[in-house]
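S.K.: Would you mind keeping the following structure in view while I ask a few things?
The values are calculated or read from the model by the stated rules, or taken from the named source; none is laboratory data. Worth saying up front: this structure is predicted, and the values here are computed from it rather than measured. When we count neighbours, we look across all protein chains shown, and the Cβ atoms used for this are built from the backbone with ideal geometry, even at glycine. The area values use the complete protein model at the heavy-atom level, side chains included, leaving out ligands, DNA and RNA. Shrake-Rupley method; radii C 1.70, N 1.55, O 1.52, S 1.80 Å.
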Amino acid sequence: MMITTIFKGKMMFDLQKIGTKIVEELKKLIDQDVVIIDHNGFIIASTEVARINQFHEGSLLAMKNKEVTIMTYELSKTLKGVREGMVMPLIIEDTPIGVIGVTGEPSEIEKYGKLVQRITELFVEDFLARQEKERDARMFEFLLLDLLNSRVEKDILAQRIEVMGIDPEVYNRIVIVKVDRRFEYHEIDFLLSVQTIHPKLRMAQWSFDKLIMLIPKVSREQLKNGLLTLIKNIETRYKTELHIGVGNCEDFYNLHESYKKSLIALSTAISEGVELIFEEDLTIELLLSDIDEYKIQTFIERTIKPIIKDEELLLNLEKWLNSNSSLQEIANDLHIHKNTLIYRLKKIENLLNVDLTKSKNKLDLNLAIYLYRKSNLFI
């Protein structure tokens, strides 16, 4: 397939990407054969597939003169690849980027001229606008990578954000959203258009299954309500579950700290099966966030390993440790006799070789069960 690409300012434009689409749409409007010709004079899309990749000499005249050119019967006999009809240059910012051609008797198709030309230019302008948005989005993604990984000096970052029109005084928090799909740029634009948190909120794709948000300075309540609304929009429109971790407030150039905290909050939200968690609400989860799996497994082995396969004993112990009620009330909740509960607690003491009346043992066992439930480690 021929690749047809030209430079427009600092942007690369590929007419090939939308040529076929333009032809398809125009064919719905007019009952004539249509061709799209690149700036080199080669047909790149046509209602007649056989004409694709053929040279069209008449298109060069239209681009050179920047005006609609009638391909008369006489010209069709003298110019290579030309059929009787009309060719119209596609001009963007005073630069011919290609030609749209309509085949047929000139007197019959002349009435379509301006309509065909304008529709085609609108396609191109829309494509260029989306291409520019995607470029800006990628620049923002690269900026966040450098900012949140603390790998670029502040002065250099300051220059980049100034060029991108980002005011560092506006933003103070990072939010990470875990989703089950990748969002295209136009989908992120839609989410930005429906979010109610702040007009200057910025959003980007962050790895395959995450979105990242740069949050302006708003109250916690406004942020929470806005995120809950966004959750509903995403779940309804894209039929996907999501979890959100909200980082703490930081100075713009220290947002890498907010990013780290948002990941901790996100991990907790996922493990607890909830949609939204603010890092500032975490307590024991914050302390445990940096403990590696080996240490967790070792701690579990040294505390509750002998009963870890007996869910009944584990559940009874967990209920007893986390209740301020009497033994009778705990037994009632478990739907067992009080003496059965006493027997099982004694059995647990013997299996674990601990005294359940000691505070430290209670703390160790409660923490071990908590870690076991959260980590899904099966010893």
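S.K.: Given segment 22-73 reduced to its alpha-carbon atoms as identical point scatterers, what log10 I(q)/I(0) does the Debye formula return at q = 0.19 Å⁻¹?
M.R.: For segment 22-73, the Cα-only Debye profile gives -0.68.
S.K.: So, in nm, how far is label Asn149 from label Arg302 when the simple model puts each one 7 Å beyond its Cα toward the Cβ?
M.R.: 3.6 nm
S.K.: Would you mind counting up the charge near Met86? Only other residues with Cβ under 13 Å from its Cβ, with Lys and Arg at +1 and Asp and Glu at -1.
M.R.: Charge balance near Met86 sits at -3.
S.K.: I need the peptides 98-108, 26-36 ranked by packing, meaning the mean over residues of other C-beta atoms within 10 angstrom, with the highest value on top.
M.R.: Peptide ranking by packing, descending: 98-108, 26-36.
S.K.: Compute, for Ser271, the solvent-accessible surface of its heavy atoms (probe 1.4 Å) with the complete set of protein chains present, and express it in square angstrom to the nearest 10.
M.R.: 60 Å²
S.K.: Please go through the residue pairs Lys133/Lys200; Lys239/Lys374; Lys178/Lys217; Lys178/Lys224; Lys319/Lys347 and name each one whose alpha carbons sit more than 20 Å apart in this structure.
M.R.: Lys239/Lys374; Lys178/Lys217
S.K.: Segment 301-362: which trypsin sites (Lys or Arg not before Pro) are DSSP loop and have at most 16 other beta-carbon atoms within 10 angstrom?
M.R.: Loop-located and lightly packed - Lys309, Lys358.
S.K.: Got the relative contact order for the chain handy, in percent, Cα pairs under 8 Å and 6 or more residues apart?
M.R.: Relative contact order for the chain comes out at 9 percent.
S.K.: Would you be so kind as to identify which of Gly245, Tyr185, Leu351 lies farthest towards the positive end of the dipole of the chain, taking Lys and Arg as +1 and Asp and Glu as -1 on Cβ and the Cα centre as origin?
M.R.: Highest projection toward the positive end goes to Leu351.
S.K.: Based solely on its DSSP helices, what 222 nm [θ] is calculated for the chain when runs of n ≥ 4 H residues each add -39,500 (n - 2.57) and the sum is averaged over all residues, nearest 500 deg cm²/dmol?
M.R.: My calculation for the chain gives -16000 deg cm²/dmol from helical runs alone.
S.K.: Please compute the length gained on full extension between Ser325 and Arg182, using 0.36 nm multiplied by the number of residues separating them and subtracting their Cα-Cα distance.
M.R.: Extending this stretch completely gives an extra 46.7 nm.
S.K.: For a quick size check, give me the Cα extents of segment 230-302 along its three principal axes, largest first, whole Å.
M.R.: Computed over the Cα atoms, the extents are 47, 33, 17 Å.
S.K.: Next question. Report the normalised scattering of segment 167-285 as log10 I(q)/I(0) at q = 0.15, 0.17, 0.22 Å⁻¹, calculated by the Debye formula with identical scatterers on the alpha carbons.
M.R.: Scattering profile of segment 167-285, log10 relative to I(0): -0.60, -0.79, -1.37.
S.K.: I'd like to know how segment 15-118 sits against the 2.2 N^0.38 Å rule of thumb: what's its Cα Rg over that expected value?
M.R.: Ratio of Cα Rg to 2.2 N^0.38 Å: 0.93.
S.K.: OK, next. With a cut-off of at most 16 other beta carbons within 10 Å, and DSSP calling the residue loop, which GluC sites (Glu not before Pro) in segment 123-227 qualify? Please list them.
M.R.: Answer by residue number: Glu153, Glu169, Glu184.
S.K.: Then there's this: Taking K and R as +1 and D and E as -1, what net charge do the other residues with C-beta under 11 Å from the C-beta of Asp364 add up to?
M.R.: Around Asp364, the charge tally is +4.
S.K.: How long are the three semi-axes of the equivalent ellipsoid for the chain, computed from the Cα gyration tensor as the root of 5 times each eigenvalue, in whole Å, largest first?
M.R.: Working through the eigenvalues yields semi-axes of 68, 23, 17 Å.
S.K.: Just to confirm the filter: which trypsin sites (Lys or Arg not before Pro) across segment 96-187 are DSSP coil and have at most 16 other Cβ within 10 angstrom of their Cβ?
M.R.: The qualifying sites are Arg151, Arg181, Arg182.
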